[in-house]
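Report on the following structure.
The values are calculated or read from the model by the stated rules, or taken from the named source; none is laboratory data. Keep in mind that this is a model prediction, so the values were computed, not measured. All Cβ positions, glycine included, derive from the backbone under ideal geometry; neighbour counts span all protein chains shown.
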Amino acid sequence: MPHPPRDRFDEIPRTTGRVGAHRAEQPGINGLVALLWSAAAALVLIAVGIFISLVLMGRIDLGGGAGAPVATQTPGVLAKIDTSYQVLILNATPQTGVVDQVRQKLIDQGWAGADVFGSDNSSTSFDKTTVFYVKKEDEAAALGVAEVLGGAEIEQNDHYASSNGNDRPQLTVVVGKNLVGTNSPAPSAGDETPAG
């Protein structure tokens, strides 16, 4: 059988290197990259999920009202001094003896001594004295306590609901610096004025 005539392609040297392999994917690197991208996507999704959960639970306020009460007085609700409520007083100021002063004001308005109790010297400073109530029907009683204290705000919040160990309704007063005037240095023990 005759040989075909030789042409220019017959003179290409035969090499043993990779032919076309430079175009193939490198599976080891792509697996690592895919794993890193998956981990990054999972972290982003987890962070977004936590943020949305905190917003839905009310832990983050997107309204820009930082420090503002969640609920203010409803129009038409009148203050009512209701001594059937227990009152928990929390001192959120650096001044001592505040709980006794506030407690005495409430007792003078008809509350039983056993129904008014509290804790002095909180480590957290609170600017505005606030009366917290749990249910909407407690608002009038909260307004009554705020009126007795003078200069107090009210806020509907169930944060302190678990501190009530019985079935009786309870209000919680967090005493702030505005009520005791602690923007100035706290008086020493000998300079304190008696509760009146």
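Observations on the model:
- Check on residue 138, modelled with pLDDT of 85 or more, over 16 Å from residue 90 (Cα atoms) and exposed (fewer than 15 other Cβ atoms within 10 Å of the Cβ): no
- Annotation: of all residues in region 101-135 being at pLDDT 85 or above and of a type in the set (D, E, K, R), the one that is nearest to the chain's Cα centre (by Cα) is 128.
- Residues of region 146-161 classified as modelled with pLDDT under 85 and of a type outside the set (Gly, Ala, Ser), total: 4
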